[in-house]
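Structure record follows, encoded as structure tokens.
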Amino acid sequence: MKDSDVVSRLLESYGRSFAQDAGIRLRDTPQPLYQLLVLACLLSTRIRSSTAVAAARALNEDGLRTPRRMLASTWQQRVDALGRGGYRRYDESTATRLADGAQLLLDEWAGDLRRLRAEAGGDVPALSRLLQKVPGIGPTGADIYLREVQDLWPETAPYLDDKALQGARLLGLPDRPRRLARLAADSSSPGAVFAAALVRAALDKKVAAELLGTA
């Protein structure tokens, strides 16, 4: 099967970003950028991605969409929201980290992640390091955030982290970011959507088997 055919089938079945799954209408404005950071925090824990997405939706439904609102909520309110999303194994520690992260964002960047981006000055490794100052965001969380935000912050694109490249290898696609980016461009797919689809292939080996007809 040609690479272009594999990409077409991948996007047809799994062509959506994790932000879209969480109901985040991603724009370069403070609220959705913060919602994405919370999602990245939840996704970076050893828990099913569908559970992390459900927990992010529950937090958003409770109005905890900005650092100020997150900080104004009680610890129990955050625990309850995470629990409704099924995020029970790490709900108590995560509830604490979300408040700590909101406080840091307000202290360092007035709650606006665009200021963090400006501080990085177009340097992607610096951007990753700054994101990792936020409690609950380590290297994996920073990768998730930059993978999802790459269409808004073009200096990060193409952002295909190790997990996305793992998915590419499972699908028999080239595992060099620039070559993969060309395949995405040829398919007219946003970079974040393409990267997320590759990650889904890495997270569930049945995806590759299904797409390649080896199931």
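The values are calculated or read from the model by the stated rules, or taken from the named source; none is laboratory data. Here the structure is a predicted model, which means the values were calculated and not measured. Cβ coordinates were reconstructed from backbone atoms using ideal geometry, including for glycine residues, and neighbour counts include every protein chain displayed. SASA here: full protein model, heavy atoms, side chains in, ligands and nucleic acids out. Shrake-Rupley method; radii C 1.70, N 1.55, O 1.52, S 1.80 Å.
From the list Leu26, Leu39, Leu33, which one is over 21 Å from Pro135 (Cα atoms), within 17 Å of the chain's Cα centre (by Cα) and among the hydrophobic types (A, V, I, L, M, F, W, C)?
Testing whether each residue is over 21 Å from Pro135 (Cα atoms), within 17 Å of the chain's Cα centre (by Cα) and among the hydrophobic types (A, V, I, L, M, F, W, C) leaves just Leu26.
Before we move on, is Leu33 of a type in the set (A, V, I, L, M), open to solvent by 10 Å² or more (accessible area, probe 1.4 Å) and farther than 18 Å from Gly83 by Cα?
No.
Give the residue that is surrounded by the most Cβ atoms within 10 Å (Cβ to Cβ), with candidates limited to residues of the range 62-72 that are touching a residue at least 12 places away in the same chain (Cβ under 8 Å) and of a type outside the set (Lys, Arg).
Pro67
For the range 3-30, enumerate the residues that are open to solvent by 40 Å² or more (accessible area, probe 1.4 Å) and more than 28 Å from Gly172 (Cα to Cα).
Result: Gly23, Arg25, Leu26, Arg27, Asp28, Thr29, Pro30.
Just checking, which of Arg48, Arg89 is without any contact (Cβ under 8 Å) to a residue 12 or more places away in the chain and surrounded by fewer than 17 Cβ atoms within 10 Å (Cβ to Cβ)?
Arg48
List pairs: first residue in the range 160-171 and touching a residue at least 60 places away in the same chain (Cβ under 8 Å), second residue open to solvent by 20 Å² or more (accessible area, probe 1.4 Å) and of a type in the set (D, E, K, R) anywhere in the structure, Cβ distance under 9 angstrom, at least six positions apart or on different chains.
Leu171/Asp3
For Arg78, state whether it is more than 30 Å from Met1 (Cα to Cα), of a type in the set (Lys, Arg) and crowded, with 22+ Cβ neighbours inside 10 Å.
yes
Could you tell me which residue of the range 75-96 is farthest from Asp62 (Cα to Cα), considering only residues that are part of a helix (DSSP H, G or I) and either of a type in the set (Ser, Thr, Tyr) or in contact with a strand residue (DSSP E or B) (Cβ under 9 Å, 6 or more places away or on another chain) (or both)?
Result: Ser93.
Would you point out the residue of the range 99-109, among those that are open to solvent by less than 10 Å² (accessible area, probe 1.4 Å) and within 20 Å of the chain's Cα centre (by Cα), that is nearest to Leu130 (Cα to Cα)?
Result: Leu105.
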